[in-house]
1. Condition check: of a type outside the set (Lys, Arg), within 14 Å of another protein chain (Cβ to nearest Cβ) and over 22 Å from C:PRO171 (Cα atoms). Does C:ASP56 satisfy that?
2. Out of (1) surrounded by 15 or more Cβ atoms within 10 Å (Cβ to Cβ); (2) acidic (Asp, Glu); (3) more than 14 Å from every other protein chain (Cβ to nearest Cβ); (4) not in a strand (DSSP E or B), what's the single condition that is false for A:ASP49?
3. Looking only at the stretch A:137-167, count how many residues are touching a residue at least 60 places away in the same chain (Cβ under 8 Å) and within 10 Å of chain B (Cβ to nearest Cβ).
4. From D:ALA91, D:ALA119, which residue is farther than 21 Å from A:ALA22 by Cβ, of a type in the set (A, V, I, L, M, F, W, C) and assigned to a loop (DSSP other than H, G, I, E, B)?
5. Considering only residues that are of a type outside the set (D, E, K, R) and without any contact (Cβ under 8 Å) to a residue 12 or more places away in the chain, look in the stretch C:251-289 and name the one that is nearest to C:SER204 (Cα to Cα).
6. Can you tell me which residue in the stretch D:89-136 is nearest to the chain's Cα centre (by Cα), limited to those that are at the interface with chain C (Cβ under 10 Å from one of its Cβ atoms) and aromatic (Phe, Trp, Tyr)?
7. Determine which member of the set C:ALA63, C:ALA103, C:ALA67 is in contact (Cβ under 8 Å) with a residue 40 or more places away in the chain, small (Gly, Ala, Ser) and assigned to a helix (DSSP H, G or I).
8. What's the number of the condition B:GLY325 fails, among (1) more than 20 Å from B:PHE201 (Cβ to Cβ); (2) under 20 Å from the mean Cα position of the chain (by Cα); (3) not in a helix (DSSP H, G or I)?
There are 4 protein chains.
Amino acid sequence: MASEQKFGAGIWHFATYVDRYATDGYGPPRTLIEMIDMAGQVGDLSVVDINYPFADPKLSLDAVDVALKRNNLEVIGITPEIYTREFAKGAFTNPDPGVRRRANELINDAANVVRRFGAKYVKLWPGQDGWDYPFQVDHGDLWRASLDGVGELAQQNPDLQFVIEYKPREPRNHMSFDSVARTLLGIEKIGLPNVGILLDFGHSLYGGESPADAAQLAIDHGRLFGMDVNDNLRGWDDDMIAGSVHPIELFEFFYTLRKNKWEGVWQLDQFPFREDCVGAAQSAIGFLKHIEKALNRLDFDAMRAAQAKQDAVTALNLARSALFG
Amino acid sequence: MASEQKFGAGIWHFATYVDRYATDGYGPPRTLIEMIDMAGQVGDLSVVDINYPFADPKLSLDAVDVALKRNNLEVIGITPEIYTREFAKGAFTNPDPGVRRRANELINDAANVVRRFGAKYVKLWPGQDGWDYPFQVDHGDLWRASLDGVGELAQQNPDLQFVIEYKPREPRNHMSFDSVARTLLGIEKIGLPNVGILLDFGHSLYGGESPADAAQLAIDHGRLFGMDVNDNLRGWDDDMIAGSVHPIELFEFFYTLRKNKWEGVWQLDQFPFREDCVGAAQSAIGFLKHIEKALNRLDFDAMRAAQAKQDAVTALNLARSALFG
Amino acid sequence: MASEQKFGAGIWHFATYVDRYATDGYGPPRTLIEMIDMAGQVGDLSVVDINYPFADPKLSLDAVDVALKRNNLEVIGITPEIYTREFAKGAFTNPDPGVRRRANELINDAANVVRRFGAKYVKLWPGQDGWDYPFQVDHGDLWRASLDGVGELAQQNPDLQFVIEYKPREPRNHMSFDSVARTLLGIEKIGLPNVGILLDFGHSLYGGESPADAAQLAIDHGRLFGMDVNDNLRGWDDDMIAGSVHPIELFEFFYTLRKNKWEGVWQLDQFPFREDCVGAAQSAIGFLKHIEKALNRLDFDAMRAAQAKQDAVTALNLARSALFG
Amino acid sequence: MASEQKFGAGIWHFATYVDRYATDGYGPPRTLIEMIDMAGQVGDLSVVDINYPFADPKLSLDAVDVALKRNNLEVIGITPEIYTREFAKGAFTNPDPGVRRRANELINDAANVVRRFGAKYVKLWPGQDGWDYPFQVDHGDLWRASLDGVGELAQQNPDLQFVIEYKPREPRNHMSFDSVARTLLGIEKIGLPNVGILLDFGHSLYGGESPADAAQLAIDHGRLFGMDVNDNLRGWDDDMIAGSVHPIELFEFFYTLRKNKWEGVWQLDQFPFREDCVGAAQSAIGFLKHIEKALNRLDFDAMRAAQAKQDAVTALNLARSALFG
């Protein structure tokens, strides 16, 4: 059975990065066009998720389109940058109503870019919405503002999907949308059909979830709109190469998707700080293809039977035998 | 202003414990009557939460009642032991329908004990409902069984409250009811008025929540039916003396309760493995009384103003000044 | 190349367990003889590590010997139970000098059992030596007592090896011998040739170490006297089936041993609370044999070259290709 | 008793920061001179630790000296920036010998700045020395290079102190000098009198150590050359305001210093990303002064007696009574 799985990546996979120590960056800055060309070099990517606004304000959508086309790439989503300096104390929950308004405007602009590219969704990653210190915020107010902000956008753009990428923390010490259950609870409260979850495998893992369980829960609520993968050491969002640390839970995650006939793009959200970014993407996709084949080998009926008895040894042996050949 | 706060404790605070290493126990076993008498020695306890069935099957409810009365104690809740050998693979989610049935029967028996003592709730702590290994369970089935089990009880006993004490893990490597948001999501799905949350400060803390935020969320959903406190090192349910490690977040937790005019009992859920249990309870309650006074000193208006700006430094200084005198 | 690797297990792998909730145990108690017979059923075990004293005080060493022989098992080490009720506040560091003396006597008795069985070492796992609370101990005194206790034993028994199995925590909230570096620092201070480390893969992992790095450090100090494996979720000593969560780091661990020509027994330290213990051992050893073959496939020269450049992508691809076939 | 305690801060406390998301920074960049003037505004700082080289290459040492003098500040140490882009794969352990050489030169330059200002030490914080992925490095080589790099500097500059600030991780997923014990083990191997530890309270805390125990161990090895404080949520180096989360362990840390008559500067290492930096420093120092007074109130003899019995309840009550008034 030949692979027909579609792969994608956040375009930031091909950027260079700064942190609070290497303030001069882990490499020279790259333009968006350069990043798109690097994404094209991976050879297996069909779609990308692009940050907005572009670092270069003069860069036109048409120029981006040309670069995408020459690399056979489409846009799956747009990620508005609602986590830069202006939004340091939050986008939806910023104490300053003017900042909240500008966040709304920026995301509405991003919605138009989604339309321009025929993309699937606006991705909301409100990394600065949350708190750092005990006593810093009124938790009730903060949560209401989080839901109001997302709900307003969904109402303003009923033709588009909004996906929330939850994450336990970073850059804020605690994020409002911190887990699958909290996010679903909020989405149910908002009550609109066009708000869903983009499940990041690594966020789920280091948040103490089982990513497979998180995926099942989101699917059962009809809200799993997207997903991406990477890996980490379960204590932080290390954004390592997918499968480099937790291949078995990654396998269980994709097993859960297939069992539920969830058929979206398998995306990468990796930050290769010190690695060759094309090589890091190829390494991940190579392993994802291995997982795809292992799913074909896996005896789903035997697995269901083992799970019905909570027979961990048999279930593990089945998974191993499919994954390790 | 004299303290009118009511204090309580899980009766297991006065037990001795075993673990997988000290299989001979950290002290000689104690009878329930001895534990009740030790609870009485604390001097500040008004209510206790009692496990059921009793270790001694011959012990009558009347004998327990006599012991409680001579110590001026009332029963706030009954905790059925749905986490012993029979339930090692779950009470509500056990693969064996017979075990699930016996769990239901045991909890219904416990409900009758709640009625007998005029207590407030049946406490559900399904510590064996969850999983240990990747691939071990069908996550969708497990979660449905969790909700079905609780829902059935709530329907069978509409005159009583059922409180779910969520916890991230232990003894299972992952518990079904693992967080405040997951539990609320499930409770909303069950859709009955007599199911709520008993929020354990320590479970919230080591689950990566802010206990103050968790309390606010449960209150905003009308589901904070009870609470208890202890402390830990944020990595495990150490059940240490309340305030011994995280006094500031404990203070924020009680600040949140008072701000919302939540007026229940302040309970202890501590496991003094190697400590004098009466002394450990007195130490905790001494600190809770300190917190009560600190709440009286705290400038709530100034705190609200600081929080409205997310001014962490001012908020912290206000909290410190009230708490550290 | 046929497997000539020797495998072993702690005999407690075949016990049943209690914890603070399932106080009636996860199964009916088993005698040591029953456990030895179950170890024999695994089919691949050559050696076992046995706790001392035996649960049944009437059980003779000869009877144990007979059971071992009929299962083709030898004794690699004896683990004195210095973590039961009497030692709840420590064996080497107990505030009561009488308890410290009895710990010494008990371990000297265990040393005689080591001699009786021609075993390799006395294993010291001082799980109760440490602390629970801030301010509870004088840290300088505690550490000195830890070293004095081990040093005294090594001097009393110069013909035997003593191996310290360090662990971050549990049952104490913090153990004195908590990490590879701390333990080596102490061993260097003791300054005797017959004190070394038994490295538990899972303890290293959930202590935040890289087990491969820990093994290298112990080897470079000439102190890696033994090892055992299992797995966990990086937050607690879950003692799960080896390779069930972290197969890549397990592979790196054994890669490090082979690279250094370390040729000891590959042992299991698993606690199958709810699993069939023979099946859990077989599942682990099956995977260890897979790792053994993967080591034969791995291109060590290419790996060294990648590591010399810190080329994570190439190193990962090499490891994957050997491990996942 | 009037405070005679000297306070200090890393000058980066008064900088603005970038991270991988807010790449435009949490505020406009500040010059070193501006930072020094802000340090002066705190009112209680006597010394600062300064990064080298300066962001502005034209800034003269004399100009810095003038700014320091007008703010009554002295230099306690110089922190060479061995964690910027060039050193992304390590300073002492970089695979490129040319980079290792430049690290040595840069630190020798920093040593001259230490001499110029009559400061106490060169601070080594090799945040990029370590690894990210399983299989990425040869652990033995990496550790040897770490020790060689530090040892060479100490030999080249026998008139100066070199202090290693260990840290578990960040920016590398794992740092070579990751804990107090590992660092002491390395320092003993280096075997030179002018290499010691600068103990960061937060690094110790989130590394799973008890900072009080770490301090005691470093003191007992004669290697506690410096210290700084902050706070975090035990999972990451959050560099929050000292005492904002863990005041009791902070108190135990200073108790340990006083008990040992360790009389150095109490320094701050905080990163007020979103806070007023002068206010954050003042808040911390206000609390440190509270701790100083609490130490004066604390009954040291009673504490020693409680610790000699491992009496956690009494020890906690003593500490509370001194700290909470």
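1. Numbers: of a type outside the set (Lys, Arg): yes; within 14 Å of another protein chain (Cβ to nearest Cβ): yes; over 22 Å from C:PRO171 (Cα atoms): yes.
Against the criterion (of a type outside the set (Lys, Arg), within 14 Å of another protein chain (Cβ to nearest Cβ) and over 22 Å from C:PRO171 (Cα atoms)), C:ASP56 qualifies.
2. (4)
3. The number of residues fulfilling the criteria is 0.
4. On the way: D:ALA91 fails: farther than 21 Å from A:ALA22 by Cβ.
Among D:ALA91, D:ALA119, only D:ALA119 is farther than 21 Å from A:ALA22 by Cβ, of a type in the set (A, V, I, L, M, F, W, C) and assigned to a loop (DSSP other than H, G, I, E, B).
5. Initial filter on the stretch C:251-289 (of a type outside the set (D, E, K, R)): C:251, C:253-257, C:260, C:262, C:264-268, C:270-273, C:277-288.
Cutting the leftovers down to without any contact (Cβ under 8 Å) to a residue 12 or more places away in the chain gives us C:279, C:286.
On the way: C:GLY279: 25, C:GLY286: 22 Å.
Top of the filtered list is C:GLY286.
6. If we filter the stretch D:89-136 for residues that are at the interface with chain C (Cβ under 10 Å from one of its Cβ atoms), which is where we start, we get D:89-90, D:93-96, D:130-136.
This time we only want the ones that are aromatic (Phe, Trp, Tyr), so: D:131, D:133, D:135.
On the way: D:TRP131: 21, D:TYR133: 26, D:PHE135: 30 Å.
My answer is D:TRP131.
7. Details: C:ALA63 fails: in contact (Cβ under 8 Å) with a residue 40 or more places away in the chain; C:ALA67 fails: in contact (Cβ under 8 Å) with a residue 40 or more places away in the chain.
After applying the criteria, what remains is C:ALA103.
8. Failing condition for B:GLY325: (2).
The values are calculated or read from the model by the stated rules, or taken from the named source; none is laboratory data. For clarity, every value in this text was computed on a predicted model and none was experimentally measured. Positions of Cβ are generated from backbone atoms using ideal geometry, with glycine treated the same way; all protein chains shown enter the neighbour counts.
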